[in-house]
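> Dropping a structure here in structure tokens format, bear with me for questions.
The values are calculated or read from the model by the stated rules, or taken from the named source; none is laboratory data. In this text the structure is predicted, and so the values were computed from the model without any measurement. Here the Cβ positions follow ideal geometry from the backbone for every residue, glycine too, while neighbour counts run over all protein chains shown. All accessible areas refer to the heavy atoms of the entire protein, side chains included, with ligands and DNA or RNA removed. Shrake-Rupley method; radii C 1.70, N 1.55, O 1.52, S 1.80 Å.
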Amino acid sequence: GESVGLHLPTLSVQEGDNSIINCAYSNSASDYFIWYKQESGKGPQFIIDIRSNMDKRQGQRVTVLLNKTVKHLSLQIAATQPGDSAVYFCAENITPGNQFYFGTGTSLTVIP
Amino acid sequence: GAVVSQHPSRVICKSGTSVKIECRSLDFQATTMFWYRQFPKQSLMLMATSNEGSKATYEQGVEKDKFLINHASLTLSTLTVTSAHPEDSSFYICSASLLAAQETQYFGPGTRLLVL
């Protein structure tokens, strides 16, 4: 499968600060991306997605930025809370296929 | 909506035995389901794509005779780990898509397999 990697395997932030999690993908043909959150012992939970015709998408407290030029994806979490502590994965997809390939993950720890 | 369940949540078995894991979409029909494996502190690795009524598509390096997948209905896919060995111990996660292509996947809670 395609290679999707992350720059930072671990990230610690103070409660209330903003978090930025990065992801680099290798396949320039990828055109759909999803960020997932995974808590220990559980399945991944959808956070936000973005298609390649966009460079920014906002959700509730989260923003995803896509830079196709450098094949880079980031997830920004505003006012990080202890409940945000988890491992975050980006996943990429190439139309028209429906397979997603996951990056290595970043473990986010929020310090109260 | 879009709830996916897995059964069992945990299973311990002896080496050489086979284990079946079920993945169900509870409130929607899924023409496509996916099976992933995740080792501790690692990412999810796609094993295979399960299509209702047809043979599964396996990723490179995944043994189809070792990991048998059956997708008999629009709400159920099963993964059978045959002749399990300790190295098969892992967290197995399934997901399901609402549409056939490029739609958000909804993940099950995972099944923890321990092979003694």
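> When the scattering of chain B is computed by the Debye formula from its Cα atoms alone, each counted once and equally, what is log10 I(q)/I(0) at q = 0.18, 0.20, 0.21, 0.22 Å⁻¹?
So the normalised log intensities work out to -0.85, -1.05, -1.15, -1.25.
> Moving on to the next point. First compute the accessible area of the protein assembly as shown with a 1.4 Å probe, then give the percent of it belonging to carbon and sulfur atoms.
51 percent
> Could you pull out the pairs from A:K37/B:K41; B:K20/B:K55; A:K68/B:K41; A:K42/B:K20; B:K14/B:K64; B:K20/B:K64 whose alpha carbons sit more than 23 Å apart here?
Numbers: A:K37/B:K41 14 Å; B:K20/B:K55 17 Å; A:K68/B:K41 28 Å; A:K42/B:K20 19 Å; B:K14/B:K64 21 Å; B:K20/B:K64 14 Å.
Over 23 Å apart, Cα to Cα: A:K68/B:K41.
> Could you pull out every Cys in chain B that lacks a partner Cys with its beta carbon under 4.7 Å away?
Among the cysteines of chain B, those whose Cβ sits 4.7 Å or more from every other are B:C13.
> Also: Semi-axes, largest first, in whole Å: what does sqrt of 5 times each Cα gyration tensor eigenvalue give for the protein assembly as shown?
Largest first, the protein assembly as shown gives 30, 20, 16 Å.
> Which value, in debye to the nearest 20, describes the size of the charge dipole of chain B about its Cα centre when Lys and Arg Cβ atoms bear +1, Asp and Glu Cβ atoms bear -1, and nothing else is charged?
With Lys and Arg at +1 and Asp and Glu at -1, about 320 debye.
> Taking both sides together, what accessible area is buried at the B/A interface, probe 1.4 Å, expressed in Å² and rounded to the nearest 100?
1700 Å²
> If packing is taken as the mean number of other Cβ atoms within 10 Å per residue, what is the order of B:35-43, A:19-27, A:62-70, highest first? Please list the in-between numbers first.
Numbers: B:35-43: 17.0, A:19-27: 18.8, A:62-70: 15.3.
Order by mean packing, descending: A:19-27, B:35-43, A:62-70.
> Which ³J(HN,Hα) values, rounded to whole Hz and listed in residue order, are derived for the stretch B:37-50 from phi using the Karplus coefficients 6.51, -1.76 and 1.60 in 6.51 cos²θ - 1.76 cosθ + 1.60 with θ = phi - 60°, glycine and proline given as x?
10, 9, 8, x, 6, 10, 7, 7, 10, 5, 9, 6, 10, 9
> Tell me, what ³J(HN,Hα) does each residue in the stretch B:84-96 have, in order and in whole Hz, if you take phi through Karplus 6.51 cos²θ - 1.76 cosθ + 1.60 with θ = phi - 60° and put x for Gly and Pro?
Residue by residue, the stretch B:84-96 yields 5, 10, x, 6, 7, 4, 5, 9, 9, 10, 10, 9, 9 Hz.
> Amide H neighbours of A:G105 under 5 Å, at least 5 residues apart or on other chains, H built in the peptide plane: list them.
For A:G105, the qualifying residues are A:L6, A:C90.
> Before I look further, what does the protein assembly as shown give for accessible area per residue, probe 1.4 Å, in whole square angstrom?
Solvent-accessible surface per residue comes out at 47 Å².
> Sticking with this structure for a sec: As a test, work out the antiparallel percent of DSSP beta bridges whose residues both lie in chain B, rounded to the nearest 5.
Percent antiparallel among DSSP bridges in chain B is about 90.
> If I build a Gaussian network model for chain B, linking alpha-carbon pairs within less than 10 angstrom, which residue out of B:E59, B:E87, B:E22 has the largest mean-square fluctuation?
Maximum fluctuation in the GNM of chain B, among the listed residues, is at B:E87.
> Once amide H atoms are built 1.01 Å from N in the peptide plane, which residues 5 or more positions from B:L76, or in another chain, come under 5 Å H to H?
B:S25
> Also: What are the residues whose amide H is under 5 Å from the amide H of B:M47, where those residues sit 5 or more places off or on another chain and H is modelled from the backbone?
Residues meeting the criterion, in which the H sits 1.01 Å from N, are B:W35, B:Y36, B:R37.
> Next question. Using θ = phi - 60° and the Karplus form 6.51 cos²θ - 1.76 cosθ + 1.60, what ³J(HN,Hα) does each residue of the stretch A:75-80 get, whole Hz, x for Gly and Pro?
10, 10, 10, 8, 6, 4
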